[in-house]
Structures are given as C-alpha cells and as structure tokens.
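Undergrad: To start, I am sharing the structure in question, which I have written as structure tokens.
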Amino acid sequence: GAGVSQTPSNKVTEKGKYVELRCDPISGHTALYWYRQSLGQGPEFLIYFQGTGAADDSGLPNDRFFAVRPEGSVSTLKIQRTERGDSAVYLCASSGGGDTDTQYFGPGTRLTVL
Amino acid sequence: DAKTTQPNSMESNEEEPVHLPCNHSTISGTDYIHWYRQLPSQGPEYVIHGLTSNVNNRMASLAIAEDRKSSTLILHRATLRDAAVYYCILGLGYSGAGSYQLTFGKGTKLSVIP
C-alpha cells in the first residue's frame, strides 16, 4: 500500500521567505509526527498530532514554526521568516496510535535557505 | 529521557552476521527498546522492538540482556542493502503530554564490505 509521502522533495528559498511543507500520512493513521534532521545528526522531534489537534508541540524551536492538520489527515508544516539555520531535512511520520505503534516515515523534504 | 549509547560506526563483510550493541543502563521498567534504521537519503524505517524477551522478525533479531541494561541487534546475513545508520531508541519518549515521540541519538553507521 501507499506509504507516507512528502512534498516537495526539495525546497530552496531565500532568507526571510515563508515556506510550507506537506505530509500525506498512511490512510487511517491517527497519529502524525514532524521531525527535523540536520546533517550528521539523528532526527529531532518537532510536533505530534493525534487526529486534528496538536497534542505536543514542545519540539517546535520558536514561534516561526507552525503546523496544522485540519481534517486529521494531511498536515502542513509552515515556517515564517526562514533563516539559514532552518536548513535541514524535514521528516514526517505517521502511526496508528497507541504507545508502542510503529512510526512510518516519509522520504523527507530537504529545505535549503540561502 | 533515558539515554542510549551506541558505537559511532561498525563494518561488516557481506553475508556475515552483524551484532550492533546498545547500552541503556538507565532504562525504566516500562521502556520498550526500539531499533530503527535509516538508509542513505531516506527516512528512518522500523526494524524491531522488544520489552524483555528476545524477539525475531524477518529483518533481524533483538537480544535483550536479562537486566535490560543493554541489547544487541543481530542481522543474520548482512547485505549491501543493510548499509545504514541504526538507531537504538528507548520507549517512545513519553513526555507526559500524551506524545509518543522518538528520541534519536546519532546511531551506529554500518558499512557492509562486498
């Protein structure tokens, strides 16, 4: 079946611009996660949705970052006033819910801020 | 969060078994031990998880020490496709806010020699 998809696969933007990154989770998965991965590091948690609500946004680095999941399926990560330090691979994962459910990751969006 | 310690890198010859160690001396009684791996330019993928008993699946085996302070991921016959970064992760990073985030370290980079 279809896995987690993310668009675009690559995004190049200029400092100060606004970007949106999209995640399509596996159909029926209630939980959705965003992570950020810098070069040479493991992924770092950003935010977790259970259904439509952001149940835990403790990983968002500052108020320039925001994510939505209005219908409990597709999610969009939004970054305002991008900075060079935001350059990273942004990963999305989904799971069926529950405390030991496997997370299925998408291929990521590589964001480059010039 | 309970932490894990893994070697930075390991090498294996193709078609030989590989034992990837992980130390987690501060593991709590309810923490599961999860392994994910990340192939180059891809998102992480689930490998295996366990709580107390050794576990086997089609990808690998997980051997858990009796005191649960360490574990070993076993790939029975390494192939070139197994070259990846392997992450050992405890529990699901329950933050007390209902989040089941994964807390990744730097993992072990496995190289497979033809």
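The values are calculated or read from the model by the stated rules, or taken from the named source; none is laboratory data. Remember, predicted model here, so these are calculated numbers, not experimental data. A quick note on method: Cβ atoms are made from the backbone with ideal geometry, for glycine too, and the neighbour counts reach across all protein chains shown.
Undergrad: Report, by residue number, each residue of segment B:39-95 that is buried (at least 18 other Cβ atoms within 10 Å of the Cβ), within 14 Å of chain A (Cβ to nearest Cβ) and in contact (Cβ under 8 Å) with a residue 40 or more places away in the chain.
TA: The answer is B:Pro44, B:Ala84, B:Val85, B:Tyr86, B:Tyr87, B:Cys88, B:Ile89, B:Leu90, B:Gly91, B:Leu92, B:Gly93.
Undergrad: Then there is this: Would you confirm, using the coordinates I've provided, whether A:Gly53 is exposed (fewer than 14 other Cβ atoms within 10 Å of the Cβ) and either farther than 20 Å from B:Lys106 by Cα or under 11 Å from the mean Cα position of the chain (by Cα) (or both)? Spell out the reasoning first.
TA: Working: exposed (fewer than 14 other Cβ atoms within 10 Å of the Cβ): yes; either farther than 20 Å from B:Lys106 by Cα or under 11 Å from the mean Cα position of the chain (by Cα) (or both): yes.
Yes, satisfied.
Undergrad: Consider A:Ser27 carefully, then state whether it is surrounded by fewer than 21 Cβ atoms within 10 Å (Cβ to Cβ), away from chain B (no Cβ under 13 Å) and within 27 Å of B:Ile48 (Cα to Cα). Step through it out loud before you land on a result.
TA: Values: surrounded by fewer than 21 Cβ atoms within 10 Å (Cβ to Cβ): yes; away from chain B (no Cβ under 13 Å): yes; within 27 Å of B:Ile48 (Cα to Cα): yes.
So A:Ser27 fits the description; yes.
Undergrad: Name every residue in segment A:58-75 that is at the interface with another protein chain (Cβ under 8 Å from one of its Cβ atoms) and either at pLDDT 95 or above or surrounded by 18 or more Cβ atoms within 10 Å (Cβ to Cβ) (or both), in order of residue number.
TA: Matches in segment A:58-75: A:Gly59 only.
Undergrad: Which condition number does A:Ala55 fail, the rest of (1) closer than 28 Å to B:Pro40 by Cα; (2) of a type in the set (A, V, I, L, M); (3) at pLDDT below 95 being met?
TA: Every condition holds for A:Ala55 apart from (1).
Undergrad: Follow-up. Could you pull out the residue among B:Pro7, B:Pro21 that is part of a strand (DSSP E or B), farther than 12 Å from B:Tyr87 by Cβ and either more than 12 Å from every other protein chain (Cβ to nearest Cβ) or out of contact with any helix residue (DSSP H, G or I) (no Cβ under 7 Å at 6 or more places or on another chain) (or both)? Break it down stepwise before answering.
TA: Numbers: B:Pro7 fails: part of a strand (DSSP E or B).
So the residue among B:Pro7, B:Pro21 that is part of a strand (DSSP E or B), farther than 12 Å from B:Tyr87 by Cβ and either more than 12 Å from every other protein chain (Cβ to nearest Cβ) or out of contact with any helix residue (DSSP H, G or I) (no Cβ under 7 Å at 6 or more places or on another chain) (or both) is B:Pro21.
Undergrad: In contact with a Cys (Cβ under 6 Å, 6 or more places away or on another chain) and touching a residue at least 24 places away in the same chain (Cβ under 8 Å): does that describe A:Gln6?
TA: Working: in contact with a Cys (Cβ under 6 Å, 6 or more places away or on another chain): yes; touching a residue at least 24 places away in the same chain (Cβ under 8 Å): yes.
When the stated conditions are applied, A:Gln6 passes them.
Undergrad: Moving on to the next point. Please specify each residue of segment A:1-23 satisfying the condition of being within 13 Å of chain B (Cβ to nearest Cβ) and closer than 21 Å to A:Arg69 by Cα. Please lay out each step first, then the result.
TA: Taking segment A:1-23 first, the residues within 13 Å of chain B (Cβ to nearest Cβ) are A:3-6, A:9-10, A:23.
If the condition is that a residue be within 13 Å of chain B (Cβ to nearest Cβ) and closer than 21 Å to A:Arg69 by Cα, then A:Gly3, A:Val4, A:Ser5, A:Gln6, A:Ser9, A:Cys23 are the ones that fit.
Undergrad: State all residues of segment B:14-38 that are among the small types (Gly, Ala, Ser) and either out of contact with any strand residue (DSSP E or B) (no Cβ under 9 Å at 6 or more places or on another chain) or buried (at least 21 other Cβ atoms within 10 Å of the Cβ) (or both); if no residue qualifies, say none.
TA: Quick first cut of segment B:14-38, residues among the small types (Gly, Ala, Ser) only: B:25, B:28-29.
Hit for segment B:14-38 is B:Gly29, nothing else.
Undergrad: Do we find that A:Thr82 is away from chain B (no Cβ under 11 Å), surrounded by 20 or more Cβ atoms within 10 Å (Cβ to Cβ) and touching a residue at least 60 places away in the same chain (Cβ under 8 Å) in this structure?
TA: yes
Undergrad: Answer with yes or no whether A:Ala55 is more than 13 Å from A:Ser75 (Cα to Cα) and more than 13 Å from every other protein chain (Cβ to nearest Cβ). Give the steps one after another, and end with the answer.
TA: Details: more than 13 Å from A:Ser75 (Cα to Cα): yes; more than 13 Å from every other protein chain (Cβ to nearest Cβ): no.
In short, no.
Undergrad: Something else: State which residue is surrounded by the fewest Cβ atoms within 10 Å (Cβ to Cβ) when the search covers only segment A:85-114 and only residues that are away from chain B (no Cβ under 14 Å) and in contact with a Leu (Cβ under 8 Å, 6 or more places away or on another chain).
TA: Just the residues of segment A:85-114 that are away from chain B (no Cβ under 14 Å), to begin with: A:85-87, A:111-114.
If we keep only those that are in contact with a Leu (Cβ under 8 Å, 6 or more places away or on another chain) as well, we get A:86-87, A:111.
On the way: A:Asp86: 19, A:Ser87: 17, A:Leu111: 21.
Among those that are away from chain B (no Cβ under 14 Å) and in contact with a Leu (Cβ under 8 Å, 6 or more places away or on another chain), it is A:Ser87.
Undergrad: OK, next. Among the residues of segment B:24-38 satisfying the criterion of being within 10 Å of the chain's Cα centre (by Cα) and not aromatic (Phe, Trp, Tyr), which is nearest to the other protein chains (Cβ to nearest Cβ)? Walk me through how you get there before you give the answer.
TA: Step one: list which residues in segment B:24-38 are within 10 Å of the chain's Cα centre (by Cα), which gives B:33-37.
Retained after the next criterion (residues that are not aromatic (Phe, Trp, Tyr)): B:33-34, B:37.
On the way: B:Ile33: 11, B:His34: 8, B:Arg37: 11 Å.
It comes out as B:His34.
Undergrad: Please indicate, with yes or no, whether at least one residue in segment A:37-48 is away from chain B (no Cβ under 11 Å), buried (at least 17 other Cβ atoms within 10 Å of the Cβ) and of a type outside the set (A, V, I, L, M, F, W, C).
TA: Checked segment A:37-48: no residue is away from chain B (no Cβ under 11 Å), buried (at least 17 other Cβ atoms within 10 Å of the Cβ) and of a type outside the set (A, V, I, L, M, F, W, C).
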